[in-house]
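Below: one structure, written as structure tokens.
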Amino acid sequence: MEKISKQVQMACSECRIICGCLGEDLKKRVPSEFFDFLNKNSLPGYVPNFDLSQPIEKQKLLPETSALISAMYLKYLCDNDEERLKFAGLLK
Amino acid sequence: MAENNQNEVKIFNWAKESQNDANLKQIYHDVWVHLVGSEAGFNEFYNECLSGRIGEKQEPVSGTSFQERLLQEMKEHNPEAYEAAGSEKQFIKNKCAEALKKVHEAQAEAEAKAKANNEPAKKEVSNIETGIESYLGQAATNGYLSYDTGVAAGKEMGDGKNANVECGGGKTSICITATNHAVKNNCQVFLTSSTENLSTQSFNESIASFEAMEITSVVLIRRDAILYPGKEPITKEKCTPEQWKEALRVAYSQKVVMADNGTILQHKMAGMIPEKDADFSERRLIADEGDYVKLDQYHAAEMLGDEYDQETAIARLQSRKVAYELIQELKSHHSDASALYQANDENGYVDYTKAGREFIASRIRELAAKDPTLNAQQLSEFAYDALKVEILYQKDRDYQIVVDENHATIVSPERASGASIDLPQGVQQALYVKLRKDYGKRLVRPQERQVLKSMTITTAYKELFGDHQQLLSGTLDSPSKQTQDELEKMGVTKNTTYYCDTLHGCKLQEQPTRLYRTNDEMFKGAIDEAVATAKPDGQEHRPVLINTVNAEDVYKIRNQLRTEHPDIRVVTYTLAESESFKQAQREIEKETNEERKAALSAAFEKKFDVKPGVFKSYDEFIKKTAGQPGTVIVGNGIVGRGTNIKLLGDANENGGLHVIIAGAGACSSRDDEQIKHRASRGQDNGSSRSTLSLENLSPEMLARLEKGEFTGNEPFDLQTGDLSKVDAETLLAAHYEEVDARQTIVRGNENAIDQMRQDAMKSIEERIKTQLQGKPEAEISQRIVTAQALLNYRVDTIKNRASGNILGSQHAEYAAEVRAFEMLYTQQYISEDPSKFDEKAAMRDIESILPSVMGAEQDGNSQTYTEEQLRSLENLGLADTYFEFSQSQIEAIVTHFQGKSVGRETLQQMVVDSGLTQDATRKIMQQLSGQPVQEQTARKQHQDQIVRE
């Protein structure tokens, strides 16, 4: 694989935190390779600038993080194509 | 003022909402009864005037004000006391003193009673006390200050809230009441303003009130002078360093300290502000123009040491020129700039790519081989400065040029608006080299000094006041959502802020926004509108203020006005004009030769249209003379805050001041709000209009316009499209959101980084104290000071190398480097015998080790550490601790959120809130998987088709 950009490495760090908070039912559906990918590619020394006084859904994420989440959602968490299309429709 | 909000507490319905004794009607009533001696006349006055203000109707009321009517009644009921006092002021003073005595006696009695019943005694200052004292203070300024807003908002602030008061709503009055309230509750109050001018103005306006309230321990501290009321100023130049330090110590121990933010910051950095005196229960900040504290003066101020000697200064400048040329070479080295450097303007971030870094390094090596005296490390840092100003710094947004006839000076936008914080030294120098060819010899070379330390106002105030910070401003409810969110994050919310309308409501009439294609057309439009408003049919009618962000454009407009409309009186207001006024007056004062003095005076009069010595400052000159009908004032950001242009002649009857903003959204939405509210101060009439040109818009905004976002989905041709079809208001709102969003991001980074530095220093301090336990205190504190100096020096070097004043996504590297310094310093040096400790050697060590440890040679595209770097970390025994640091931080965040059980809906919401597009998702995922973007285009189109269907 090509070297990935620093932005994506930072996104992996952020996504790792969000995946750590996934409900058990969802966590089971995401393959461990995906989590390994996040762990392996997180940026060493990067501490996401999360505001701990705010709930997780209110955190300001990097666009790359949102992209990772949406990819994860589309690939592993949707039950069928209909749901995938519905989710894709939520994006601008 | 923003639209009404159910959380807003307004002065007019305050009484209705508060059902206890903190009731405005009750305060009016009690003040009346205490001062008049009976209830007589109150109900009548209440029905006539007050009920409309504080009751259900909330109608603007004209006629007698509370303070006037009260005085009338007091005189009628106490004719003998009035005669005996000899003057109205003395009469009010006597009556208030008498009333306060009664209040205090009643309080003492209540306390004694509570004590007798074993109940806790109430130490709070009562509303009636605040009410009477506010009246006293108000009366002392001859009714200049509004009693109503002062008493209500002042008490709220004194109790710890922020206050948002419309411009012209009597902020000074509120500050006085709030300060009084806090001082009476045994606090020490720092009453601050954004600029020295504003601070001095506030001191002059409030001093009589403070005296009337018997707060005599008031001091105004300006950078090099200390002023106590009615005394000769103490100046730094007349003191020895020890005397000056002692004078500052005494001044900073007064009950009320007035100063501008810049002065406090400089003194804080120099360690001149003593700890809070034990006699005070707390130290509290009341900040006028409070949004400035939170949102504008985030740039770190620099504490400067000695100037470089001439030889060094020339050598450094020469080196900067070479650095600038290197960047020009870099830019032309490759047809695709992104191969050599990456920039993110939104984050204020720029850095070389691996190829770019290699190119610069090899060129520096070549140059060093030819010239052995060349300092390669310095040249590398200068090259980074040059890259930064070349790619990131935009004129007017990030720096401004203050021009007069002979000189052009590079300053920060804040400095151009009168605040003291300027651009970092390195940036100023790099800009000088870049701009020299455009401005020639006119461009003033900034003197370069050694930077000892830098700090942001946010950090300084956090250390000085903790959470005891009350903000007062007219723009705490910014029209931009970005800024509102940011303020909310800082704790400035609807619930912590008291919103207060002016007594009769603001009369500002905002006229529709006008859009032009070019800046020249926009300036012409502004001139035509100004002339038509100021002098319709040749008759002097109203004063007009044209505001534009750029000082050069100010002169352009002025010259055009003078040429095309010689009958119009034009006054310009810029920092350069203000400095030149001050300088010219000083020269005339100092001149002893009468003939020469007369010549200088004549030149002054010709230039400024006023005799020298009539006004102390240009600010005063503008305020008192520019409000004449028919005058056009042209100014930049400096007119924005604290400029009350007094309306003269029939100006108010004719509609008051008319403000035209030529180029709205150049700095921020709040700055424009401030400018607009130069019109309609207090109860005056006034109007404003925003204008902007397509040249002011970013490429992104232009693309949105082209697509039809502001023309009802009709595609718009930027060259020929009909501008009248554009919804200018919506376009301006979107422009504001964009401008404010960038500021929010950059500001957040800067403040976070400053915080990291403070945290690192605290940690080093703790380690020093633990490891040197048992050693003499002087030794320990000496080591702390040394560590602090080394850390600050090191951090500033990193910061300059990273991206200077504007720091973006280099957060992580910065944090890591600060942490590595902390580790290195504490492990390598603290346990050594302090007497053998060689500061310079330690610095050299750190300088040579840190870059290799923390990746000065890092690959531009990938931020993973090289084997060599990791070995360096291991050799130092830092690898584990370093990674443990970042891991533990991340784990702490994970632990914090764990158990929240994020579900599908939350995930969906997060993605939707991020505003992510399908296109962006696709690109990012392709980048991630290493697939070329083009390959998937057909598939993406197919997917889009499915989604559309």
Open item on the list: I'd like the residue in region A:61-92 that is part of a loop (DSSP other than H, G, I, E, B), more than 8 Å from every other protein chain (Cβ to nearest Cβ) and surrounded by fewer than 17 Cβ atoms within 10 Å (Cβ to Cβ) and, out of all such residues, is modelled with the highest pLDDT.
Closed with: A:Asp79
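Here is a list: B:Glu390, B:Glu381. Which entry is at pLDDT below 80 and either surrounded by fewer than 21 Cβ atoms within 10 Å (Cβ to Cβ) or aromatic (Phe, Trp, Tyr) (or both)? Outline the logic, then answer.
Numbers: B:Glu390 fails: at pLDDT below 80.
Going through B:Glu390, B:Glu381 in turn, just one is at pLDDT below 80 and either surrounded by fewer than 21 Cβ atoms within 10 Å (Cβ to Cβ) or aromatic (Phe, Trp, Tyr) (or both): B:Glu381.
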Task: Qualifying positions in region B:212-228 - surrounded by 17 or more Cβ atoms within 10 Å (Cβ to Cβ) and either over 18 Å from B:Lys245 (Cβ atoms) or not assigned by TED's automatic domain parsing to the domain that holds B:Val189 (or both) - done: B:Ala212, B:Met213, B:Ile215, B:Val218, B:Leu220
Open item on the list: One residue is enough: does region B:331-346 have a residue meeting the conditions touching a residue at least 40 places away in the same chain (Cβ under 8 Å) and in a helix (DSSP H, G or I)?
Closed with: yes
Task: Identity of the residue in region B:501-515, among the polar types (S, T, N, Q) and assigned to a strand (DSSP E or B), that ends up modelled with the highest pLDDT - done: B:Thr513
TODO: Could you please let me know if B:Ala110 is at pLDDT 80 or above, assigned to a helix (DSSP H, G or I) and among the hydrophobic types (A, V, I, L, M, F, W, C)?
DONE: yes
- [ ] Within region B:659-693, work out how many residues are part of a strand (DSSP E or B) and in contact with an Asp or Glu (Cβ under 8 Å, 6 or more places away or on another chain).
- [x] 8
Open item on the list: What's the number of the only condition in (1) modelled with pLDDT of 70 or more; (2) in contact with a Phe, Trp or Tyr (Cβ under 9 Å, 6 or more places away or on another chain) that B:Glu44 fails to meet?
Closed with: (2)
Task: Qualifying residue in region B:724-733 (condition: assigned to a loop (DSSP other than H, G, I, E, B), touching a Leu at 6+ places or on another chain (Cβ under 6 Å), in contact (Cβ under 8 Å) with a residue 60 or more places away in the chain and not assigned by TED's automatic domain parsing to the domain that holds B:Gln482) - done: yes
Open item on the list: Being more than 20 Å from B:Gly640 (Cβ to Cβ), at pLDDT 85 or above, not in a loop (DSSP other than H, G, I, E, B) and not assigned by TED's automatic domain parsing to the domain that holds B:Val549 is true for just one of B:Gln400, B:Gln429. Which residue is that?
Closed with: B:Gln429
Open item on the list: Looking at region B:658-692 only, could you name the residues that are polar (S, T, N, Q) and crowded, with 21+ Cβ neighbours inside 10 Å?
Closed with: B:Ser668, B:Ser669, B:Gln674, B:Ser680, B:Ser687, B:Ser688, B:Ser690, B:Thr691
TODO: Please verify whether region B:54-68 includes one or more residues that are surrounded by fewer than 19 Cβ atoms within 10 Å (Cβ to Cβ), at pLDDT 85 or above, over 22 Å from B:Gly158 (Cα atoms) and among the basic types (Lys, Arg).
DONE: no
Open item on the list: Give me the residue from region B:212-233 that is farther than 13 Å from B:Lys255 by Cβ and in contact (Cβ under 8 Å) with a residue 60 or more places away in the chain and, out of that set, farthest from the chain's Cα centre (by Cα).
Closed with: B:Ala212
TODO: Restrict the check to region B:614-621 and report whether at least one residue is under 15 Å from B:Asp404 (Cα atoms), surrounded by 18 or more Cβ atoms within 10 Å (Cβ to Cβ) and touching a residue at least 60 places away in the same chain (Cβ under 8 Å).
DONE: no
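The values are calculated or read from the model by the stated rules, or taken from the named source; none is laboratory data. Here the structure is a predicted model, which means the values were calculated and not measured. Neighbour counts are summed over all protein chains in view; Cβ atoms, including those assigned to glycine, are modelled from backbone coordinates with ideal geometry.
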